[in-house]
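Notes for the one structure printed next.
The values are calculated or read from the model by the stated rules, or taken from the named source; none is laboratory data. Since the structure is predicted, the reported quantities are computational estimates derived from the model, not experimental observations. In this analysis, Cβ positions are derived from the backbone assuming ideal geometry, glycine residues included, and neighbour counts consider all displayed protein chains. The area values use the complete protein model at the heavy-atom level, side chains included, leaving out ligands, DNA and RNA. Shrake-Rupley method; radii C 1.70, N 1.55, O 1.52, S 1.80 Å.
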Amino acid sequence: MAKHSVSLASDCQFWMQKLSEWDQASTWETQQDTCLHLPRFQEFLRQMYEALKEMDSNTIMKRFPTIDQLLTKTCWNPFILAYGESQIILIWCLCCLINKEPQNSGESKLNSLARSLLSRILSAISFDIKEVGLFAQGLGYEPVDYYPGLLRNMVLSLVSELRENHLNGFNTQRRMAPERVMSLSRICIPLVTLPEFEPLVEALLIYHGHEPQEILWPKFLEAVNEAFLGKKISLSTSAVVCLWLRHLPSLEKAILRLFEKLLSREGNCLREIECFIEESLLPRAACHPAVFRVVDEMFRCALLETDGAPEVAAALQVFTRCFVEALEEDEQPKFALKTYFPYAPPALAAALLQRPRGAPEEHWRQLLEHGSQLLRQLMEDQTQRSLGGPLESWFLFTHFGGWADMAAEHLLRSEAEPAEAVLWLLAFYHSPCDGSRQRAQTTVEVKAALGRLQQLSRSTTLSARDLQAAAGLGGAAEPRPAACPALLRCLLLNFLLWAPAGRTVAREAVALTAKQAAE
């Protein structure tokens, strides 16, 4: 115990010097230094309280002769009072200094100082002098009994003031000064992860003044976003949308964090991808067109950087599905569909937004041909071509990958002659930059592969090698490489899913296909 007291006495000297430095200057550098040391200082206060509660006031002053000066300086530092549990620990320390039956003038003076500092802390929480007096009379109670109520009242008072200020609009006589709002957001930076402060954080995010520039402190917005992404704070969707609209770097960081989560884990199933995307709140936030355009652009960049990697395309398709569901849940949409897809003809966007699998199977061909026709019109329109050409049309279509999956399934399960429009749709999805001649060659190969696979589906025995050959993926044995191997692999995988005998050789066929794709 004695050794611990010696260590605390040494720490007291260090923190006295620090507090003096912080008192003498109010520059940005000093405030930054204060914030950097807040966690360590709170831990020091906690250790000090553990030591003080075992001593009487005489022993305290002998072991820590400068404790009164240290606590006085601490009580006048707003950053310390606003950080974590520092305020309540400080109250506990002050209570340890009070002697209910002072024996001399020194103890009486220490009692007076402690009560004065306690009043100072409570005054900072916006309580009137009468309540401070009542508290001073009831020092026999543990601080934990009254602190939550005081804190809750302070937060609710600030939240009410912000809401009233928001409703008052241009009534400048009752509006909160922008400087005060900024100061409040700055003070809240170390407090954003505390559940008690969540209402205040939300009120600040939702608050909108009439200033031309952002009035919330940038570090506050960064801290809230980091806490939200780390699941250390619970925010409403509207508050998250306000955060990302106020601070573009926070939105970009949220999207990148989602990408990292999706791509860092191998073998994610679509259900897991959907859970990750839903948890991010990005689909709901994207109901605001400004958020949607940022998310959409980052998906576009990811697809271009990865040459249309299937896992990125799958993530975009799941995101789009979640986004469309969020739009449908809104009974009164605020924005037209054209706002989200400005370069797409309204008829095409409306058609792609439909869920084709919900239609009877006998209507699939008609739906696919209609969608193919609209997409080809977009491709052939010279005005649209100047806005991005094939890649822009392909990116739009990639949002709705269910159409391509349904086209492959329809071609394999239908006994009718394959429709040219459906073949074109699949060929375009898997190889958007091909010219008309190359796409025609792809169509010929797909027709031939479909015929072989349909014949194979009637066979009683199947092997992975037979399937590879039927799909036109025989590797070196083929006279020439396939025009679009990705499309042929898609047909093979769909065959394994829908053919009665396909599942018996699925594992072997997938392993063989993956091996050949890697080669």
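Here are the numbers:
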{"read-out": "Whole-number D in µm²/s for segment 393-471 (Stokes-Einstein; Kirkwood sum over Cα pairs; 10 °C, 1.306 mPa s)", "value": "117 µm²/s"}
{"read-out": "For segment 256-300, diffusion coefficient by Stokes-Einstein and Kirkwood Rh (Cα), 10 °C, 1.306 mPa s, µm²/s", "value": "142 µm²/s"}
{"read-out": "Qualifying GluC sites (Glu not before Pro) in segment 392-462, DSSP loop, other Cβ atoms within 10 Å at most 10", "value": "Glu415"}
{"read-out": "Rg [Å, one decimal], Dmax [Å, integer] - segment 243-317, C-alpha atoms", "value": "12.0, 36"}
{"read-out": "Distance histogram in 10 Å bins (all Cα pairs of segment 1-126, percent per bin)", "value": "12, 45, 34, 8, 0"}
{"read-out": "With all protein chains modelled, accessible area of Leu229 [1.4 Å, Å²]", "value": "40 Å²"}
{"read-out": "Estimated vicinal HN-Hα couplings, Hz - segment 252-263 in sequence order (Karplus 6.51, -1.76, 1.60; Gly, Pro = x)", "value": "4, 5, 5, 5, 5, 5, 5, 4, 4, 5, 6, 9"}
{"read-out": "Value of D in µm² per second that Stokes-Einstein yields for segment 392-437, Kirkwood Rh from Cα pairs, at 4 °C (1.567 mPa s)", "value": "115 µm²/s"}
{"read-out": "Per-residue ³J(HN,Hα) for segment 223-232, Karplus 6.51 cos²θ - 1.76 cosθ + 1.60, θ = phi - 60°, Hz, x for Gly and Pro", "value": "5, 5, 4, 5, 5, 5, 5, x, 6, 9"}
{"read-out": "Assigned charges on the beta-carbon of Lys, Arg, Asp, Glu; segment 1-126 dipole about Cα centre (debye)", "value": "240 debye"}
{"read-out": "With every protein chain in place, segment 1-126: carbon and sulfur % of accessible area (1.4 Å)", "value": "50 percent"}
